[in-house]
Amino acid sequence: MNTGAKKVALITGITGQDGSYLAELLLEKGYDVHGLVRRSSIMNIGRIEHVYTNTTHPTGRIFLHYGDLADTASLVRLLVNIKPDEVYHLGAMSDVRISFDIPEYTANITGLGTLRMLEAMRQSGLEHVKFYQASSSEMFGKTSEVPQKETSPFVPQSPYAIAKVFADAICKNYRNSYNMFICSGILFNHESPRRGENFVTRKITLGIANILAGKQKKIYLGNLDAQRDWGYAPEYAEAMWRMLQHPEPDDYVVATGETHSVREFMEEAFRLAGLNWRDHVEIKPELYRPSEVDILQGDISKVRAKLGWEPKVTFQELVRILLEADCKTAGVSILKQV
């Protein structure tokens, strides 16, 4: 473990939405931040470029390293060289719909990738490093309990969710078997302008921005009746950090406690844009998941009581944040001032 005064953190999935916000947060708190990135033909660092290229950051520093969650040797080598105080394991194949198309890859990276990280820590002699596991509300699936809390049963409905259940279970096993400091954050849907464009919230807001700009006429969607608990991603990064500052490792549901349907999100976004959604939205049966999760709603009693965390951005504010950002990028600003 790092013995210097400055804390050192390793983030897998640092180039994703959550990884980028977490990196910003840790840098502001004075950490040196190391990120694991996969080798590809294009260096996909758009979400963190503003901090990665800032060599005069007033507090911490950021470093990127090539590695892969399918390659244990690269993980061991990275851990031995970095000797982090905290590991935030966010890396995964995280698209629920696409997990049906590539189930084996999803299981390998999202499920076994977590096991490889834990084993790499043990093999590196870093069992006492604090470890955060990015679990998912998708693990609850078709559970009969609403709202869902930490003890609600998991009834996963996709290869992604099943892989996350495995990862969550192996984290509990290693915590109990080897006395490792491992926390699982069961995060419900959380959005931001950095959310991937293939996720339904961004499909809606980006589509509206393109419609306003005259670049697009239709938005193609699937199930409008699915209900989700949507929060604001930067706030959820704060919850991750708080988990590893608590004296004892534990698991926490992170959510807003509210649920809204895809239809509600769509209607609110179109209302802000002053458009009639019926003129621009077309339902495509092929965009439905083979097995749908009807409703996800989190019970945040535990994270509020033990960590003092609770959401601040409302559902309506969240829709506006996403829509304004996409409209700005598209060069339009026709939003209702409500």
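The values are calculated or read from the model by the stated rules, or taken from the named source; none is laboratory data. Just so it is clear, the model here is predicted, and its values are computed rather than measured. Using ideal geometry, Cβ is built from the backbone for each residue, glycine included, and neighbour counts are taken over all protein chains shown. Surface areas here come from the heavy atoms of the whole protein model, side chains and all, with no ligands, DNA or RNA. Shrake-Rupley method; radii C 1.70, N 1.55, O 1.52, S 1.80 Å.
Yes or no, residue by residue, for (1) at pLDDT below 95; (2) touching a Pro at 6+ places or on another chain (Cβ under 7 Å); (3) among the polar types (S, T, N, Q); (4) closer than 28 Å to Ser184 by Cβ:
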residue	(1), (2), (3), (4)
Thr259	no, no, yes, yes
Arg263	no, no, no, no
Met266	no, no, no, no
Pro290	yes, no, no, yes
Gly298	no, yes, no, yes
Lys312	no, no, no, yes
Ala330	yes, no, no, no
Ser333	yes, no, yes, no
Gln337	yes, no, yes, no
Return yes or no: is Glu286 on the phi < 0 side of the Ramachandran plot, exposed (fewer than 13 other Cβ atoms within 10 Å of the Cβ) and at pLDDT 95 or above?
no
What about Val293, is it farther than 30 Å from Ser333 by Cα and open to solvent by less than 40 Å² (accessible area, probe 1.4 Å)?
yes
For the range 151-160, check the following and say yes or no: at least one residue is under 20 Å from the mean Cα position of the chain (by Cα) and part of a helix (DSSP H, G or I).
yes
Cβ contacts < 7 Å: first residue farther than 15 Å from Ser137 by Cβ and open to solvent by less than 30 Å² (accessible area, probe 1.4 Å), restricted to the range 254-270; second residue modelled with pLDDT under 95 and among the charged types (D, E, K, R), any location; separation 6+ or different chain. Result?
Ser261/Asp225
Step by step: first the residues of the range 103-146, then only those that are touching a residue at least 24 places away in the same chain (Cβ under 8 Å) and β-branched (Val, Ile, Thr), then the one that is most open to solvent (accessible area, probe 1.4 Å). Which residue is that?
Val146
Go over the candidates Ala163, Ala169 one by one and state the one that is under 22 Å from Ser99 (Cα atoms), under 20 Å from the mean Cα position of the chain (by Cα) and free of Cβ contacts under 8 Å to residues at least 24 places away in the same chain.
Ala169
Boolean, Lys149 is charged (D, E, K, R), farther than 23 Å from Ala9 by Cα and either in contact with a helix residue (DSSP H, G or I) (Cβ under 6 Å, 6 or more places away or on another chain) or surrounded by 16 or more Cβ atoms within 10 Å (Cβ to Cβ) (or both)
yes
Could you please find all residues in the range 117-150 being in a loop (DSSP other than H, G, I, E, B) and farther than 30 Å from Leu26 by Cα?
Lys142, Thr143, Ser144, Glu145, Val146, Pro147
Take Glu238 and tell me if it is under 22 Å from Lys203 (Cβ atoms) and open to solvent by 30 Å² or more (accessible area, probe 1.4 Å).
no
Filtering the range 217-250 for residues that are in a loop (DSSP other than H, G, I, E, B) and among the aromatic types (Phe, Trp, Tyr) leaves a count of 1
Given the conditions (1) touching a helix residue (DSSP H, G or I) at 6+ places or on another chain (Cβ under 7 Å); (2) open to solvent by less than 50 Å² (accessible area, probe 1.4 Å), report the number of the one that Gly207 does not fulfil.
(1)
Out of the range 280-338, which residues are over 23 Å from Glu197 (Cα atoms) and outside any loop (DSSP other than H, G, I, E, B)?
Gly298, Ser301, Lys302, Val303, Arg304, Ala305, Lys306, Leu307
Being closer than 23 Å to Gln245 by Cα and basic (Lys, Arg) is the filter; apply it to the range 159-204 and report the residue that is least open to solvent (accessible area, probe 1.4 Å).
Arg175
